[in-house]
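Only one structure is covered here, and it is reproduced in the block below.
Computed from the coordinates by the stated procedures, all read-outs in this text should not be read as laboratory data. Please read these numbers as outputs of a predicted model, since none were measured by experiment. Here the Cβ positions follow ideal geometry from the backbone for every residue, glycine too, while neighbour counts run over all protein chains shown.
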Amino acid sequence: MSPATGCWRDGNLLVVPADASLPARCVKCNASAQMGKPQRFSCHDPKWDPLISINFIVHIVMAAALQESTKVAIGLCDRHRRRRRCINLISLAILGLGIATVVAAVIEESVLVGSLAGFFWLLAAIFGSFARHVLTAVHVSKSEARLKGAGAAFLDSLPTR
């Protein structure tokens, strides 16, 4: 365990115990970083996943009711913070293009132009999902969170357990 932060690595996973914090380094490249506001990570027990084949609504309700969550402040260096912001802005621009395309579809009464709007919205969602998730929860319990997506340099700086 890292004495300053309490976190460690387990293979390619970053393990953050409850009430611990990450070091003030970029989780992607290990450069010095500003810590962002705490992000919520949630996960539910995968044994409930077969419910999706029975009833999607029941699966959503059970997963939401039984999920564990924690908050962790994530550090990003200026380069990765700018990259994330740029992807967010591209996503918003594509979303705006989709809205403009819907307006054009209504004015022109064109299904083809309306379909293009759906394509733009899908593209905006894909770009937005890349910017949103710096780290992804693999497992969250009352005692720890296991997160994937940290860079090799950051993980190499942490002890293994």
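Pairs of Cα atoms under 8 Å, at least six residues apart: use those to get the relative contact order of the range 16-161, whole percent.
On the way: 212 pairs, mean separation 46.6, N = 146.
Once divided by the residue count of the range 16-161, the mean separation gives 32 percent.
If you stretched the chain out fully between residue 37 and residue 92, how much longer would it get, using 0.36 nm times the residue separation minus the C-alpha to C-alpha distance?
In short, 17.6 nm is gained.
Among 63, 13, 101, which residue has its Cα furthest toward the positive end of the charge dipole of the range 8-125, with +1 on Lys/Arg Cβ and -1 on Asp/Glu Cβ?
The residue sitting most towards the positive pole is 13.
Take the alpha-carbon centre of the range 10-34, take the same for the range 99-150, and report the distance between them in whole Å.
Here the two parts' Cα centres lie 26 Å apart.
Consider a paramagnetic label point 7 Å from the Cα of residue 156 along Cα→Cβ; state which residues of the range 129-149 have an amide N under 12 Å from it.
Output list for this probe position: empty.
Compute the distance in nm between two label points, each set 7 Å from the Cα along the Cα-to-Cβ direction, one at residue 148 and one at residue 132.
Rounded to a tenth, the inter-label distance reads 1.8 nm.
Which helices pass in the chain if a helix is a full DSSP H run, must span at least 30 angstrom along its long axis by Cα, and must have mean Kyte-Doolittle hydropathy not below 0.0?
Details: long enough: 78-108 (44 Å, 0.55); 111-132 (31 Å, 1.74).
Membrane-span-like by this criterion, though nothing is claimed about a membrane: 78-108, 111-132.
Among 130, 152, 86, whose Cα sits farthest toward the positive end of the charge dipole of the chain (+1 at Cβ of Lys/Arg, -1 at Cβ of Asp/Glu, about the Cα centre)?
Looking along the dipole axis, the top candidate is 152.
Restricting to DSSP H runs of at least four residues, report the calculated mean residue ellipticity at 222 nm for the chain, -39500 (n - 2.57) per run over all residues, nearest 500 deg cm²/dmol.
Details: 5 runs with 73 residues, N = 161.
After summing the helix terms and dividing by the residues of the chain, the value is -15000 deg cm²/dmol.
Using the Cα centre as the reference, give the magnitude of the dipole from point charges on the C-beta atoms of the chain (Lys, Arg: +1; Asp, Glu: -1; all else neutral), rounded to the nearest 20 debye. Display every interim value, and only then the final one.
Numbers: 18 positive and 10 negative charges, 140 e Å.
In debye, rounded to 20, the chain gives about 680.
If you take the square roots of the eigenvalues of the alpha-carbon gyration tensor of the range 94-153 and sort them as a ≥ b ≥ c, do you get rounded (a/c under 1.5), prolate (a/b over b/c) or oblate? Display every interim value, and only then the final one.
Numbers: a/c = 5.30, a/b = 3.51, b/c = 1.51.
It is prolate, given that a/c is not under 1.5 and a/b is the larger ratio.
Within the set of other residues whose C-beta is less than 14 Å from the C-beta of residue 156, count the net charge using Lys and Arg as +1 and Asp and Glu as -1. Show your work: numbers first, answer last.
Details: positive: 9, 25, 28; negative: 10.
The answer is +2.
First select every other residue whose beta carbon is under 15 angstrom from the beta carbon of residue 116; then total the charges, Lys and Arg +1, Asp and Glu -1. Display every interim value, and only then the final one.
Details: positive: none; negative: 108, 109.
So the surrounding residues net to -2.
Which parts of the range 76-99 would a label at residue 119 reach, counting a residue when its backbone N lies under 15 Å from a point 7 Å out along Cα-to-Cβ?
Answer for this model: 94-95, 97-99.
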